[in-house]
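No lab work stands behind these numbers, since they all come straight from the coordinates. Here the structure is a predicted model, which is why all the values come from computation and not from measurement. Heads up, the Cβs are rebuilt from the backbone with ideal geometry, glycines too, and the neighbour counts pull from every protein chain shown.
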Amino acid sequence: MSEASSSPEKTTVNIRMTESFLADVDATWKDLGYNSRSEFVRDVLRDAVKHPEFDRADLKAVAASEVDIQQGRTRDSDAIKAEYGSDGDGDR
């Protein structure tokens, strides 16, 4: 086996968390279809490092929007334009 095809060496990292939080983490990775807790945690940490501008407030806003969509609390663009008096051509 050549070095080019071998995986980078991995280091084990231990973290502490409550049992209830661990149960939430385990339920989440399984629901999302990950093969393991480690794979899920690596992806979450990778996203946090690559996209530090995406913070908890952004995540909450996305989640709230998803709930709105699921519960049918959405409006089409024509309704928005009518409410705000825009004809869509950039004039206000």
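Among the listed options (1) 1.74; (2) 1.05; (3) 1.14, the one matching Cα Rg over 2.2 N^0.38 Å as calculated from these coordinates is (1). Between the listed residues Asn14, Leu59, Gly72, the Cα displaced farthest toward the positive end of the dipole of the chain, a dipole computed from Cβ unit charges relative to the Cα centre, is found at Asn14.
If the chain linking Lys30 and Thr12 were pulled fully straight, counting 0.36 nm for each residue of separation and taking away their Cα-Cα distance, it would gain 4.4 nm. From its DSSP helices (H runs of at least four residues, each -39,500 (n - 2.57)), the chain gives a residue-normalised ellipticity at 222 nm of -17000 deg cm²/dmol.
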